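Working notes, structure below.
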Amino acid sequence: MDRPALVIVTYKRQELLTNLLKSIVDLTRAPWRIVVVDNENSRLTSDIVKRFAAKVQKKWGDTTDDPDTQGGSSRVVYVPMTENTGGSGGFSEGVRVAYELGAEWFWVMDDDVAVLPEGLERLDKWCKKAEVIQGQRYDVDGSPFFWQYRFSTSMGIYNPLAKAGFDGVAYRACNVMCFEGALFCRSIVERIGLPDPRF
């Protein structure tokens, strides 16, 4: 997976954001960019991101050998919003920023999740097979998180007959994703555009 960008949206949840950022520092593979969209535009969040950027710099360094389209090489990009645009608005802006910087893959997540250390490697195994990937999510106790991966457009609801989660299979074809760990490639943004800020 070339040029993976993590896109994080946060709003007034500094403790949760701090936990997420700590898990990112524990990744075994360096992300190309980490875009943090701050819907609160707070000094406290800005300071948290600055400290995080220093840890990222110490662990992985800059991407001087692979600068972004603006000539930048810092892995961490802080995006303070002038108003709270909600999760969807924040993801639209975060993906836009990462896209314009030259990201090839977008791993989107809210501030109340954590990533597994080998998360990027696990997702990378599927990048040649799919343009959109929704990885298995786990609850705080380590058990698989229940989510519906099939939406019935004819009924306007999640498919009530779809089995929950992965149930031991390597993958399931899905037609939904969520802002809690979905990964998608640049060609998806080129074809359908940015996440809809209204939804």
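Sites count as exposed loop sites when they are GluC sites (Glu not before Pro), lie in a DSSP loop, and have at most 15 other Cβ atoms within 10 angstrom; the longest stretch of the chain without one is 1-82. Which is the longest stretch in the chain that no exposed loop site breaks, taking sites as trypsin sites (Lys or Arg not before Pro) with a DSSP loop state and at most 10 other Cβ atoms within 10 Å? Here the longest segment lacking exposed loop sites spans 1-127. List the residues whose amide H sits under 5 Å from the amide H of Val77, counting only those 5 or more places along or on another chain, with H placed 1.01 Å from N in the peptide plane. Here Ile34, Val35, Val36 satisfy the definition.
Charges were assigned to the Cβ only: +1 to each Lys and Arg, -1 to each Asp and Glu. The resulting dipole of the chain about its Cα centre is roughly 260 debye. Pairs exceeding a 32 Å alpha-carbon distance, out of Lys50/Lys128; Lys12/Lys125; Lys59/Lys129: Lys50/Lys128; Lys12/Lys125. Sorted ascending by nearby beta carbons within 10 Å, beginning with the fewest, Ser187, Ser42, Ser154 become Ser154, Ser187, Ser42. 3J(HN,Hα) along the stretch 27-43, derived from phi through the Karplus expression 6.51 cos²θ - 1.76 cosθ + 1.60 where θ = phi - 60°, amounts to 4, 8, 10, 6, x, 6, 9, 10, 9, 10, 9, 9, 6, 8, 6, 9, 4 Hz, with x in place of Gly and Pro.
In whole Hz and in residue order, list the ³J(HN,Hα) couplings for the stretch 9-21 that follow from phi through the Karplus curve 6.51 cos²θ - 1.76 cosθ + 1.60, θ = phi - 60°; x for Gly and Pro. Couplings: 10, 9, 7, 6, 10, 4, 5, 5, 4, 4, 5, 4, 4 Hz. Among Phe52, Phe151, Phe184, the largest mean-square fluctuation in a Gaussian network model of the chain (Cα springs under 10 Å) belongs to Phe151.
Bear in mind that the values in this text are calculations on the coordinates, not laboratory data. These numbers come from a predicted model, not from an experiment. In this analysis, Cβ positions are derived from the backbone assuming ideal geometry, glycine residues included, and neighbour counts consider all displayed protein chains.
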